[in-house]
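In what follows, a single structure is set out as structure tokens and then discussed.
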Amino acid sequence: MCRRKRKGRVCPATNGGGERTIGSMNPGNVNKRQPETSTSGQGSGTADADLPDLCLPDLWQYGAILFDLDGVITPTADLHREAWAHMFSEYFREISATGQSVAEYTDQDYYDYLDGRPRTEGIAVLLHSRGIDLPAGSEEDTAAENTVYGLGERKNAEFLRLLDQGIAAYPGSVQLLDALAAPKEGVASPRLAIVSSSKNARPVLEAAGLLDRFELIVDGLVAAELELPGKPAPDTYLHAATWLGVPAEKAVVVEDALSGVAAGRNGKFGLVVGVDRGAGEQELRDAGADTVVADLADFVG
């Protein structure tokens, strides 16, 4: 069963499921993408907007839906991008002031090194790309320490400052959560969980008024406590599915980050949904997304 929804381009089915549809991109995305032209013979060069309505997977046929938080439920990915840019731009200026040459921080650095990764891992990888080798330090380090953990504290302080200004969930994401919570004759609602690399998942959900919508939250704090490797390793998602008692092949992963989509693919989940908030449709598909949408409201019929 599938849901009649958007106009889009059908891509091959995976995991034994039905059709997968790529919805047209939202013009408001960070990286605006023009509609692609079909070369598959389905339209002989006809643009996506001219294709007939096709199907999106029916999420109600799955036992659990595991959502990333930042960029999927709440636009906190924007806050993270801003906080990372603030911290690294400031830090690289400090390095440049000592006479050491270092390439400036760019928006692409967020997608290449930081998006979806645990905080300290992302910092270490980005610093390595600049030829900078800092000691890891420890979780007790403050923002004043010149360590990986110290830089993490600097970034987190900026993120919390931005979060204090308030955050609202994506309307389309709330629309889907409302639909999933509503009784549906003959169909049990999927169980819902948050799986996030962020250690701020609970404060973010509280600020957005959505903490009670999810049965389970597997965040950066839980991952650290259980020593679960971060995305693109599938361990945090597999832990959530196991806790909920739902096999991976009966669960859905919903992600906006390439590393998170790869985690869903690596865990062999029944469906991996990519939400394009700027990573790019093709990039999400290449990372392992079965379906890419611009807004989660697309799943609500």
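No value in this document is a laboratory result; all are computed from the given coordinates. This is a predicted model, so every value here is computed, not measured. Neighbour counts are summed over all protein chains in view; Cβ atoms, including those assigned to glycine, are modelled from backbone coordinates with ideal geometry.
Take residue 226 and residue 268, extend 7 Å from each Cα along the Cα→Cβ direction, and tell me the distance between the two endpoints in nm.
1.9 nm
Which length gain, in nm to one decimal place, applies between residue 139 and residue 188 when the Cα-Cα distance is subtracted from 0.36 nm times their residue separation?
So the chain would gain 13.4 nm between residue 139 and residue 188.
Quick one: dipole size for region 77-163, taken about the Cα centre, charges +1 on Lys/Arg Cβ and -1 on Asp/Glu Cβ, in debye to the nearest 20.
Magnitude of the dipole: close to 80 debye.
May I ask which residue of 264, 214, 230 lies farthest towards the positive end of the charge dipole of region 201-270, with charges of +1 (Lys, Arg) and -1 (Asp, Glu) on Cβ and the Cα centre as origin?
264
Please report the relative contact order for region 77-163, taking Cα pairs under 8 Å with a sequence separation of at least 6, and give it as a percent rounded to a whole number.
That works out to 30 percent.
Express the C-alpha Rg of region 236-286 as a ratio against the empirical globular expectation 2.2 N^0.38 Å, rounded to two decimals. Walk me through the intermediate numbers first.
Details: Rg = 10.9 Å, N = 51, 2.2 N^0.38 = 9.8 Å.
Working it through for region 236-286, the quotient is 1.12.
Students often check this: by mean Cβ neighbours within 10 Å, which of 271-279, 205-213, 109-117 ranks highest, and how do the rest follow?
271-279, 109-117, 205-213
Per residue, how much space in cubic angstrom lies within the convex hull of the C-alpha atoms of region 77-163?
88 Å³
So which GluC sites (Glu not before Pro) in region 211-290 pass both tests, a DSSP loop state and at most 14 other Cβ atoms within 10 Å of the Cβ?
Working: sites: 215, 225, 227, 249, 255, 281, 283; in loops: 215, 227.
Filter output for region 211-290: 215, 227.
Using +1 on the beta carbon of Lys and Arg, -1 on that of Asp and Glu, and nothing else charged, what's the dipole of region 138-296 about the Cα centre, debye to 20?
So the dipole magnitude of region 138-296 works out to roughly 360 debye.
Counting other C-beta atoms within 10 Å, which of 164, 78, 68, 235 has the fewest, and how do the rest follow?
In increasing order of surrounding Cβ atoms, one gets 164, 78, 235, 68.
Once the convex hull of the C-alpha atoms of region 141-262 is built, how many Å³ does it hold per residue, rounded to a whole number?
123 Å³
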